[in-house]
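Student: Below is the structure I would like to discuss, written out as C-alpha coordinates.
The values are calculated or read from the model by the stated rules, or taken from the named source; none is laboratory data. Because the structure is a prediction, the values reported are computed rather than measured. For neighbour counting, all protein chains shown are included, and Cβ atoms are generated from backbone atoms with ideal geometry for every residue, glycine included.
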Amino acid sequence: MAEWTIDDVAARFADASQTAHRLPPVRVQGYFNSWSMFACQIPDRYPDPDRLYRPMPPNPKAVELMLETMTWVQWLEVEQRHLVWMRADRYEWQQIGRRFACDRNTASRRWQKAIGIVVTKLNALPCEPHERMGQGK
(Lines give C-alpha, C1' and ligand atoms only; values in the text may rest on other atoms or scores of the structure.)
Protein backbone atom coordinates (compact mmCIF):
# COMPACT_ATOMS: atom_id res chain seq x y z
CA MET A 1 0.00 0.00 0.00
CA ALA A 2 1.50 3.31 -1.07
CA GLU A 3 1.39 6.08 1.49
CA TRP A 4 1.23 9.82 1.10
CA THR A 5 4.47 11.75 1.43
CA ILE A 6 5.19 15.43 2.04
CA ASP A 7 6.18 15.81 -1.62
CA ASP A 8 2.90 14.25 -2.81
CA VAL A 9 0.80 16.55 -0.65
CA ALA A 10 2.83 19.64 -1.55
CA ALA A 11 2.43 18.81 -5.25
CA ARG A 12 -1.33 18.43 -4.82
CA PHE A 13 -1.55 21.81 -3.10
CA ALA A 14 0.50 23.40 -5.91
CA ASP A 15 -1.76 21.80 -8.53
CA ALA A 16 -4.84 23.01 -6.66
CA SER A 17 -3.45 26.53 -6.58
CA GLN A 18 -2.75 26.50 -10.32
CA THR A 19 -6.23 25.12 -11.01
CA ALA A 20 -7.81 27.85 -8.88
CA HIS A 21 -5.95 30.51 -10.85
CA ARG A 22 -7.18 29.02 -14.12
CA LEU A 23 -10.85 29.18 -13.13
CA PRO A 24 -12.88 31.79 -15.03
CA PRO A 25 -13.63 35.00 -13.15
CA VAL A 26 -16.91 35.24 -11.28
CA ARG A 27 -19.24 37.84 -12.73
CA VAL A 28 -22.64 39.10 -11.69
CA GLN A 29 -25.31 37.72 -14.01
CA GLY A 30 -28.21 39.68 -15.42
CA TYR A 31 -26.73 43.12 -16.01
CA PHE A 32 -26.52 44.77 -19.42
CA ASN A 33 -23.68 47.05 -20.36
CA SER A 34 -23.97 49.10 -23.51
CA TRP A 35 -20.26 50.01 -23.42
CA SER A 36 -19.23 46.53 -24.47
CA MET A 37 -19.87 47.43 -28.12
CA PHE A 38 -17.43 50.33 -27.88
CA ALA A 39 -14.88 48.38 -25.83
CA CYS A 40 -14.69 45.75 -28.57
CA GLN A 41 -13.88 48.39 -31.18
CA ILE A 42 -10.97 49.98 -29.28
CA PRO A 43 -8.49 47.05 -29.58
CA ASP A 44 -9.11 47.01 -33.32
CA ARG A 45 -8.04 50.62 -33.59
CA TYR A 46 -5.20 50.48 -31.06
CA PRO A 47 -3.69 46.98 -30.93
CA ASP A 48 -1.99 46.19 -27.65
CA PRO A 49 1.15 44.04 -28.02
CA ASP A 50 1.12 43.27 -24.27
CA ARG A 51 -2.37 41.81 -24.25
CA LEU A 52 -3.18 39.70 -21.17
CA TYR A 53 -4.17 36.16 -22.08
CA ARG A 54 -5.89 33.88 -19.63
CA PRO A 55 -5.08 30.18 -19.78
CA MET A 56 -7.76 27.68 -20.76
CA PRO A 57 -10.16 26.79 -17.95
CA PRO A 58 -9.31 23.59 -16.08
CA ASN A 59 -11.05 20.34 -16.89
CA PRO A 60 -13.64 18.91 -14.45
CA LYS A 61 -11.20 16.32 -13.08
CA ALA A 62 -8.71 19.04 -12.13
CA VAL A 63 -11.49 21.00 -10.41
CA GLU A 64 -12.58 17.88 -8.54
CA LEU A 65 -9.02 17.25 -7.32
CA MET A 66 -8.72 20.92 -6.34
CA LEU A 67 -11.91 20.72 -4.26
CA GLU A 68 -10.70 17.53 -2.58
CA THR A 69 -7.39 19.19 -1.77
CA MET A 70 -9.16 22.25 -0.39
CA THR A 71 -11.00 20.05 2.11
CA TRP A 72 -7.65 19.00 3.56
CA VAL A 73 -7.01 22.46 4.96
CA GLN A 74 -9.86 21.93 7.41
CA TRP A 75 -7.43 19.82 9.41
CA LEU A 76 -5.15 22.84 9.86
CA GLU A 77 -5.35 26.00 11.93
CA VAL A 78 -6.00 29.29 10.14
CA GLU A 79 -2.36 30.44 10.17
CA GLN A 80 -1.22 27.06 8.86
CA ARG A 81 -3.78 27.30 6.04
CA HIS A 82 -2.41 30.66 4.96
CA LEU A 83 1.13 29.33 5.12
CA VAL A 84 0.33 26.24 3.03
CA TRP A 85 -1.51 28.25 0.37
CA MET A 86 1.19 30.91 0.17
CA ARG A 87 3.77 28.21 -0.50
CA ALA A 88 1.43 26.54 -3.01
CA ASP A 89 1.21 29.92 -4.79
CA ARG A 90 5.03 29.81 -5.05
CA TYR A 91 5.81 32.63 -2.67
CA GLU A 92 9.44 32.65 -1.60
CA TRP A 93 10.35 31.71 1.95
CA GLN A 94 11.48 35.26 2.72
CA GLN A 95 8.09 36.66 1.68
CA ILE A 96 6.31 34.03 3.76
CA GLY A 97 8.59 34.81 6.71
CA ARG A 98 7.74 38.51 6.46
CA ARG A 99 4.03 37.71 6.37
CA PHE A 100 4.26 35.58 9.51
CA ALA A 101 6.92 37.71 11.25
CA CYS A 102 9.49 34.96 11.44
CA ASP A 103 12.69 33.81 9.77
CA ARG A 104 12.52 31.93 6.46
CA ASN A 105 13.84 28.78 8.14
CA THR A 106 11.14 28.99 10.80
CA ALA A 107 8.51 29.46 8.09
CA SER A 108 9.84 26.38 6.31
CA ARG A 109 9.68 24.31 9.50
CA ARG A 110 6.12 25.48 10.18
CA TRP A 111 5.14 24.58 6.61
CA GLN A 112 6.66 21.11 7.00
CA LYS A 113 4.74 20.65 10.24
CA ALA A 114 1.46 21.71 8.59
CA ILE A 115 2.02 19.44 5.59
CA GLY A 116 2.99 16.65 8.01
CA ILE A 117 -0.39 17.01 9.72
CA VAL A 118 -2.15 16.57 6.38
CA VAL A 119 0.06 13.59 5.48
CA THR A 120 -0.72 11.92 8.81
CA LYS A 121 -4.47 12.42 8.37
CA LEU A 122 -4.40 11.16 4.77
CA ASN A 123 -2.42 8.06 5.68
CA ALA A 124 -4.93 7.32 8.45
CA LEU A 125 -7.81 7.21 5.92
CA PRO A 126 -8.91 3.68 4.95
CA CYS A 127 -8.48 3.77 1.13
CA GLU A 128 -5.32 4.00 -0.95
CA PRO A 129 -4.08 7.43 -2.06
CA HIS A 130 -4.18 6.54 -5.75
CA GLU A 131 -7.85 5.64 -5.45
CA ARG A 132 -8.54 9.02 -3.84
CA MET A 133 -6.60 10.78 -6.56
CA GLY A 134 -8.71 9.06 -9.21
CA GLN A 135 -5.76 7.28 -10.82
CA GLY A 136 -6.97 3.77 -10.10
CA LYS A 137 -4.35 1.05 -10.46
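Student: Please indicate, with yes or no, whether at least one residue in segment 22-41 is part of a helix (DSSP H, G or I) and modelled with pLDDT of 90 or more.
Tutor: Checked segment 22-41: at least one residue is part of a helix (DSSP H, G or I) and modelled with pLDDT of 90 or more.
Conditions (1) of a type outside the set (Asp, Glu); (2) under 14 Å from the mean Cα position of the chain (by Cα), marked per residue:
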| residue | (1), (2) |
| --- | --- |
| 58 | yes, yes |
| 62 | yes, yes |
| 68 | no, yes |
| 74 | yes, no |
| 77 | no, no |
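Student: What number of residues within segment 8-17 satisfy the criterion of being in contact with an Asp or Glu (Cβ under 9 Å, 6 or more places away or on another chain) and surrounded by fewer than 17 Cβ atoms within 10 Å (Cβ to Cβ)? It would help to see each step written out before you state the result.
Tutor: As a first pass, look at segment 8-17 and keep what is in contact with an Asp or Glu (Cβ under 9 Å, 6 or more places away or on another chain): 12, 14, 16-17.
Then drop every residue that is not surrounded by fewer than 17 Cβ atoms within 10 Å (Cβ to Cβ), which leaves 14.
Matching residues across segment 8-17 total 1.
Student: All but one of (1) among the aromatic types (Phe, Trp, Tyr); (2) in contact with a helix residue (DSSP H, G or I) (Cβ under 6 Å, 6 or more places away or on another chain); (3) at pLDDT below 95 hold for residue 93; state the number of the condition that does not hold.
Tutor: Unmet condition: (3).
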